[in-house]
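The values are calculated or read from the model by the stated rules, or taken from the named source; none is laboratory data. On a predicted model such as this, the values are computed, not experimentally measured, just so you know. When we count neighbours, we look across all protein chains shown, and the Cβ atoms used for this are built from the backbone with ideal geometry, even at glycine.
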Ligand SMILES: [Zn+2]
């Protein structure tokens, strides 16, 4: 597995607590251009190139996770969820509390089935019935390690699955962050290129809103992940996207409440993919949206497109993606920007 990709996927960065991944993105952008800033909101913005047109390429660096809400007198942690997490994926997970004093390992626990009454077992377990066990016996002992409002990530676990398939936490959207670095490296066009790793996407597309207002680009691309449908229990009609079948070009998000991509940008991506023999899939998303939705309706409306890497098990502790699709997204973004600047 590419060591930089692994490092980016494994870094901590729950929404609003992105300092670890911010440093990595800042340092990587700086290797390519001197013009890198971290804005008031926390977005990392890198600039490169000269020209009349301004192009923005964004990917969010925050990840879903948990936050310490309360420490019980027995030393267990109650938590809230940051971002869309299905409670069913939580039990038994190993987590890391990112405390000021360092990393604190924990396990998400609940009452074991042996002790749960037949009637109770029929009800889905809620996150409020779970707790994090950090091995402390008392509140005082726990407070020596962690504090209220510390962020909590799923234990980093990036690695190879098989062939070009890889797994890890925070695939959404660290693969996009990796793409940003490669795109910034490769783009040499007669335009001002702004590459932005945004914060707080998972809690309301916030970093994309402030950064696109500042940059006010002529064209923007959001790079993210989207749900593949090539696993059991998903009908083709729900998602026909497959790992290894190429970059996903978004047409519509959240059944139209997110971005509805303009004809001009749809054609730009499709024509570019065809001309350069880049594998692509068309993505119509019924639920979920990306930074692209926010950039698109900022200011007086900003011409925006969305390219995604298909992935499995979104917003769970371990997702799966194919490196070929990530490469296709990078390739398509670079070529589409080149074509846009020429037009
Ligand atoms: Zn995402």
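When residue 218 is tested against (1) closer than 30 Å to residue 37 by Cα; (2) in contact (Cβ under 8 Å) with a residue 40 or more places away in the chain; (3) surrounded by fewer than 24 Cβ atoms within 10 Å (Cβ to Cβ); (4) under 20 Å from the mean Cα position of the chain (by Cα), just one condition goes unmet, and that condition is (4).
Take the conditions in contact (Cβ under 8 Å) with a residue 40 or more places away in the chain, in a strand (DSSP E or B) and in contact with a strand residue (DSSP E or B) (Cβ under 6 Å, 6 or more places away or on another chain) and apply them to residue 1. Does it pass? Here the answer is no, as residue 1 does not meet what is asked. Listed by first and then second residue, the pairs with beta-carbon distance under 7 Å, at least 6 apart or on different chains, first residue in the range 223-251 and without any contact (Cβ under 8 Å) to a residue 24 or more places away in the chain, second within 16 Å of the ligand (Cβ to nearest atom), are 229/239; 229/241; 239/227; 239/228.
Every residue, every condition in (1) part of a loop (DSSP other than H, G, I, E, B); (2) touching a helix residue (DSSP H, G or I) at 6+ places or on another chain (Cβ under 7 Å); (3) not assigned by TED's automatic domain parsing to the domain that holds residue 178, yes or no:
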{"position": "244", "(1), (2), (3)": "yes, yes, no"}
{"position": "264", "(1), (2), (3)": "no, no, no"}
{"position": "298", "(1), (2), (3)": "yes, yes, no"}
{"position": "301", "(1), (2), (3)": "yes, no, no"}
{"position": "321", "(1), (2), (3)": "no, yes, no"}
{"position": "327", "(1), (2), (3)": "no, no, no"}
{"position": "332", "(1), (2), (3)": "no, yes, no"}
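Regarding residue 306, is this residue within 16 Å of the ligand (Cβ to nearest atom) and either assigned by TED's automatic domain parsing to the domain that holds residue 176 or under 20 Å from residue 64 (Cβ atoms) (or both)? When the stated conditions are applied, residue 306 passes them. Of the strands (runs of 3 or more DSSP E) contained entirely in the range 58-133, those carrying at least 3 residues that are under 22 Å from residue 21 (Cβ atoms) fall at 65-71, 77-82, 94-99, 102-109. Of the strands (runs of 3 or more DSSP E) lying entirely inside the range 161-237, the ones with 1 or more residues being within 12 Å of the ligand (Cβ to nearest atom) and touching a helix residue (DSSP H, G or I) at 6+ places or on another chain (Cβ under 7 Å) are found at 192-198, 219-227.
Would you check if residue 133 is more than 16 Å from the ligand (Cβ to nearest atom) and touching a residue at least 60 places away in the same chain (Cβ under 8 Å)? The answer is no for residue 133. Filtering 64, 108, 132, 71 for residues that are under 30 Å from residue 307 (Cβ atoms) and modelled with pLDDT of 95 or more leaves a single hit, 64.
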